[in-house]
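Encoded as structure tokens, the structure appears first; notes follow it.
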Amino acid sequence: MAASEVPVVVSSSSLKTDTSPVLETAGAVAAMAATPPATAAAAAVAAAARTGSEARISKAALATKLLSLSGVFAVHKPKGPTSAELLNRLKEKLLAEAGMPSPEWSKRKKQTLKIGHGGTLDSAARGVLVVGIGRGTKMLTSMLSGSKRYIAIGELGKATDTLDSTGKVTEEKPYDKITQEDIEGILQKFTGNIMQVPPLYSALKKDGQRLSTLMKRGEVVEAKPARPVTVYSISLQKFQPPFFTLDVECGGGFYIRSLVSDIGKGTELLLPSALKALLVSGMQLSASAAAVKRL
């Protein structure tokens, strides 16, 4: 699914104008066909003026309706764009449907469309991205305090600087001696409350700038200290060397890339490993239905 065609709860039909002005304009054209030339010209001018006025009113009404939207909904983030890029595309689409191009809208400082997402997904990941609009943006933090579920494919014997398939390969080792039992035994170490070191290529910030941005500039970046995270469940779904597939349910702030890398390091051969593919397959929202209705 293309990012520009993201399905949202706010449907385009709710932002479309009434069709009555179109019908009235068609009626005016029919009337002109039965009148003398002078009268027809006058009718044409009146119809054009009325249509222009209605268009301005419709545009203002759409803009007002857009600003009044509030809620929380889910969109499908495809592999490729970042969470921020997808959010910008969604915002541009909503503004366009309201007849307000982004450059023009940005000049109106007192009239802004508030929209945000409930957690950054890597560009290589695809799946559920929770989006808040209007007053819904204030609920994202509390609503997303529940768990997230991922289906991840790791690749043994290869390490990259980003800990996933998008990065530069930094190390390679043979993996043929690793068995399914080895991986299953290691997974037990990554269940419950554990400590995890975030990847250097991440949205975490240093001096107001993302670590990933600093890394791309070639600047030296120190790893963030290990922090507590929670893994509610983890299981090996498939083992076909060098690939292994995991089903992981975890809390917020957890990095699947770091998990895959740590699993490789946890083997007796200290194998390098990197994330090959990632699917966000589910998300447990903690807010009640009543809280959503208050929007």
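May I ask you to verify whether Gly218 is part of a loop (DSSP other than H, G, I, E, B) and at pLDDT below 95? Here the answer is yes, as Gly218 does meet what is asked. Cβ separations smaller than 6 Å between residues 6+ apart or across chains give the following pairs from the stretch 86-103 residues that are closer than 20 Å to Ser123 by Cα and at pLDDT 85 or above to residues that are among the aliphatic types (A, V, I, L, M) and in a helix (DSSP H, G or I): Leu86/Ala3; Arg89/Ala3.
Please specify each residue of the stretch 119-150 satisfying the condition of being closer than 23 Å to Leu163 by Cα and part of a loop (DSSP other than H, G, I, E, B). Residues satisfying the conditions are Gly119, Thr120, Leu121, Asp122, Ser123, Ala124, Ser147. Within the set Ile153, Ile186, the sole residue that is in a helix (DSSP H, G or I) and either touching a helix residue (DSSP H, G or I) at 6+ places or on another chain (Cβ under 9 Å) or buried (at least 17 other Cβ atoms within 10 Å of the Cβ) (or both) turns out to be Ile186. Within the stretch 193-215, the set of residues being among the hydrophobic types (A, V, I, L, M, F, W, C) and modelled with pLDDT under 95 comprises Val197, Leu200, Ala203, Leu204, Leu211, Leu214, Met215.
The values are calculated or read from the model by the stated rules, or taken from the named source; none is laboratory data. Treat the numbers as computed from the prediction; the structure is a model and nothing was measured. Quick reminder, even Gly has a Cβ in these numbers, built from the backbone with ideal geometry, and neighbours come from all protein chains shown.
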